[in-house]
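Right, one structure below, let's go through it.
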Amino acid sequence: MRGYMKRLALPVAAIAVLVAAGTAGGASRATTLVFAGASDPTYLDPALVSDGESFRVTNQIFEGLVRLKPGTTIVQPDLATSWSSKDAKNWNFNLRKGVKFHDGTPFNSAAVCFNYNRQYNFTGAFQDASATYYWQTVMGGFHHNASSSLSPSLYIGCTPHGPYKVTIHLRTPSGPFLSAQVISSFAIQSPTALKKYGADQGELRNGVFYPTGSYAFSHPTGTGPFKFVSWSVGQRVVLSRNANYWGKKPRIDTLIIRPISDNTARLQALQSGDVQGYDLVAPEHINTIKSNSKLKVLNRPSFNVAYVTIHQGPGSPMNDLKVRQAVAYGLDRASVVRTFYAGRGIVANEFQPPQLFGYSKSVTKYPFNPTKAKALLNSSSCHVPCKIDFWYPTNVSRPYMPDPKRNFEAFSASLTQAGFQVTAHSAPWRPDYVKHVNEGTAGDLNLIGWTGDFGDPDNFLGTFFQTYSPQFNFHNNAIFNILAKAEAQKSLAKRIALYKQANNMIMKYLPAVPYAHSQPALGFEKNVKGYVPSPVGTDPFDPVFVSGGV
Amino acid sequence: MLRYVVRRLLLLVPILLGVSILIFFWIRALPGSPAEALLGERATPQLVQQLRERYGLDKPVYQQYWAYLKTTLSGDLGVSVATHRRVVDEIRQRFPATIELAIGAMIFAVGFGVPLGFFAAKKYGGFFDHATLVGSLLGISVPIFFLAILLKYFFSVKWQLLPSVGREDVTLNTPHPTNFYILDAIIARDWNALWDAIQHLILPAIALGSIPLAVITRITRASVLDVQNEDYVRTARAKGLPPLEVDRRHVLRNALLPISTIIGLQTGLLLSGAVLTETVFAWPGMGSWLRDAIFARDYPVLQGGILFLAVVFVMVNLIVDLSYALINPRIRYS
């Protein structure tokens, strides 16, 4: 037996030594920052992606004509130093001088026009929505549309005036055009690199767009503060400091972004020092991070809205405005936000986040008032108890709605108190629920929400209420017209006035009831400084540094 | 022997055809399609219809299957709907990670399971035997993800001894020509990278190896108990051979046969992708990839990935069967 023990002792000792000698998280990374997102980028050609994880990387490599002031939705100069437009159709941009792409080629008006024309002239597989989602969202279609479902392109041309001035021509006036240019999809890429590495080669395989050139995988070339070094799928994207950057140079030498899809794994990676920061902190992990003296939570300004759809239709009690008002008074929104948003939500009084221009302070507010709701019901076509179907999603947590089931339960109780008789329906988020909501077959009321893409009210109000939508089955030409007018308006002051007016009318006629704006959270080691979360997720890493490091 | 191997390989054809039909219809029986899964809140009826047409999902299912079979037979497993990467490229990149993890888990399971089972049998009915039985019961019944989180909590978070996620320190710059990180480090003679890869492997391998460990321990114990009462063992003892020699040459060697079968089958299972372990440890292998694909209803990935794993499973089983002949000369294939 002693012989056996001797033999066993060796592997046990070996493992013990292995473990004891481990130095996980202990490596010195003073000039390297390791950050975790939830997945790999799709690819690194910003014109061809539309997801946050791709943009997290492309935003460091590339720059557009304009960008957002950190932490806000205010548009400020980037590669363009100033701009003007007399008619919101022709936009003049003065370009920054002395800027070079990472491959050493100069940034100038020819590069700007090349990039816009590149997307405008996309054909074949590149016209697929999975390839050019944001071009199609903002510009509609292309120079030669292959499909009749595409609308004529808003963009119709680009004229250089010397090396540092361009005019971008639109088909019709567009107010949101400028704000939309902050999306990474409109970033300016090196024409030389795009051509050299086959950026415009791609095909549809089993209906999915697939770039066949190497640009989007291993040669993304922009003007940004970080240069691309390598991408190992499932492992990491490595970026290095651009020593020739035209602006304030990054304070870290290397930025590594790694994909960790599991929420708990991301938290434990931060706790163990494997990463120094991560995005998309699960609400239930916030207190764990806060209670750790070495870690901190940062708040992303809310850029979303959770709301209760009110679906009108033949024979629906919701056709009656008084019933819709009773719903609004019967939803105890303050209590839901207080109880289920872990201190990270505010009650939404309208359909756009407060920091966006056009937010109105004079909308009709509907504080929880069951007595008033009952009185409204009794004077309406649907007396107490007014029977309604209320849907909520299962198997999901959205940034704007962390716990739909409990939101529903609380709303259902408060509506019952307010004179409604609620029949509950649930469906799995993917795919049944969203389909039912969008097709208008998810009951009289349902829980849903929206996260904005760019800093313009058109991306919120225009998305919901600029035209008829089966989701709400709400017809109000006055609101439709105001929103169309606001979209085409060149004057910011006039646009603000129009969106305020639209917000007031929407909250008067109640096609839905907004209830929460939530703040997503990020987790960091306390010594990571300078990170400013953006409402739309375009967080810059160039001001970030590790204290005690550089 | 050769005829046997050829016959088994030919059997692959109907097996894979059957598997392809099962996968194809199973994933289409799941509620929803990639169109809705991809679009999320933006899934308007028009957009969903457009995407369904683009993916060919509006066609009758038999036509979809035929199209899938044709492209698969030409060696093209398609492009992922969610990541837009070629399924073949993803397999090439991810399968080595799964193999490395499976080997690590089996080294742990065999390295501890065989001695534990052997000692338990030797101390039959004693405290060590009972403790081993209870331990193996725990090994089988504790959910892997729970064990994984527990291991990470102590070894990574609390004591900071081992890394919690991934296959390597992301600040290292080791080239990966084979995608087997331990092998790559050895090829590059980069001992830091080798050490780092081993450290990253320890916790996932323990978590994944916990069930095989329990199974191997129990089988070893039972097998040793069986063998040590055989006549030839008694004869060996009667001849006056030292106990260690008896155990090594007669008991353990003969007890190995059922153990090797179990080891083979467990390896096949582990290679089929360790969904939970890979997810919790952010291990970029086949399991975490297929898990994401299920959520995204990523048909090409599910079809291609599972078909590939079916081939692997069948091949591993064939190798296990053939290895019987090597271990046990009494078995002959014809």
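Observations on the model:
- Answer residue from segment A:433-463, given it is outside any loop (DSSP other than H, G, I, E, B) and among the hydrophobic types (A, V, I, L, M, F, W, C) and is surrounded by the fewest Cβ atoms within 10 Å (Cβ to Cβ) among those: A:TRP450
- Residues satisfying the stated conditions in segment B:152-187, i.e. farther than 24 Å from A:ALA265 by Cα and of a type outside the set (Val, Ile, Thr): B:PRO175, B:HIS176, B:PRO177, B:LEU183, B:ASP184, B:ALA185
- Looking only at residues of segment A:243-273 that are among the aliphatic types (A, V, I, L, M) and in a loop (DSSP other than H, G, I, E, B), we find that the one that is farthest from A:LYS97 (Cα to Cα) is A:ILE260.
- Unique match (being more than 14 Å from every other protein chain (Cβ to nearest Cβ) and out of contact with any Asp or Glu (no Cβ under 7 Å at 6 or more places or on another chain)) among B:LEU276, B:LEU326, B:LEU290, B:LEU302: B:LEU326
- Note on segment A:111-169: among residues that are charged (D, E, K, R) and at pLDDT 95 or above, the one that is nearest to A:LYS97 (Cα to Cα) is A:LYS165.
One line per residue, one yes/no per condition, for (1) more than 9 Å from chain A (Cβ to nearest Cβ); (2) among the hydroxyl-bearing types (Ser, Thr, Tyr); (3) crowded, with 21+ Cβ neighbours inside 10 Å:
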site	(1), (2), (3)
B:ASP169	no, no, yes
B:ALA188	yes, no, no
B:LEU201	yes, no, yes
B:GLY240	yes, no, no
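- Among (1) more than 10 Å from chain B (Cβ to nearest Cβ); (2) under 26 Å from the mean Cα position of the chain (by Cα) - the single one A:ASN477 does not satisfy: (2)
- Restricting segment A:349-408 to residues that are among the aliphatic types (A, V, I, L, M) and surrounded by 18 or more Cβ atoms within 10 Å (Cβ to Cβ), the residue that is nearest to A:VAL337 (Cα to Cα): A:MET401
- In segment A:237-255, the residue that is farthest from B:VAL88 (Cα to Cα) out of those that are out of contact with any Pro (no Cβ under 8 Å at 6 or more places or on another chain) and crowded, with 23+ Cβ neighbours inside 10 Å is A:ILE252.
- Pair list, Cβ < 7 Å and 6+ apart or interchain, from segment A:261-282 residues that are over 21 Å from B:PHE155 (Cβ atoms) and more than 7 Å from chain B (Cβ to nearest Cβ) to residues that are part of a loop (DSSP other than H, G, I, E, B) and of a type in the set (A, V, I, L, M, F, W, C): A:LEU280/A:ALA38
- Residue in segment A:506-528 that is assigned to a loop (DSSP other than H, G, I, E, B), in contact (Cβ under 8 Å) with a residue 60 or more places away in the chain and closer than 20 Å to A:ILE61 by Cα present: no
- Candidate set: segment A:464-494, residues that are part of a helix (DSSP H, G or I) and in contact with a Lys or Arg (Cβ under 9 Å, 6 or more places away or on another chain); chosen: the one modelled with the lowest pLDDT: A:GLU487
- Verdict on B:VAL87 being under 30 Å from A:ALA216 (Cβ atoms) and in contact with a strand residue (DSSP E or B) (Cβ under 6 Å, 6 or more places away or on another chain): no
- Residue in segment A:117-134 that is farthest from the chain's Cα centre (by Cα), counting only those that are in contact (Cβ under 8 Å) with a residue 60 or more places away in the chain and closer than 24 Å to A:TYR164 by Cα: A:ARG118
- Residue list for segment A:364-390, restricted to those being out of contact with any Gly (no Cβ under 8 Å at 6 or more places or on another chain), within 25 Å of A:ASN504 (Cβ to Cβ) and not polar (S, T, N, Q): A:LYS365, A:TYR366, A:PRO367, A:LYS372, A:ALA375, A:LEU376
The values are calculated or read from the model by the stated rules, or taken from the named source; none is laboratory data. The shown structure was predicted, so the numbers you read here are calculated from the model rather than taken from an experiment. Positions of Cβ are backbone-derived with ideal geometry, glycine not excepted, and every protein chain shown enters the neighbour counts.
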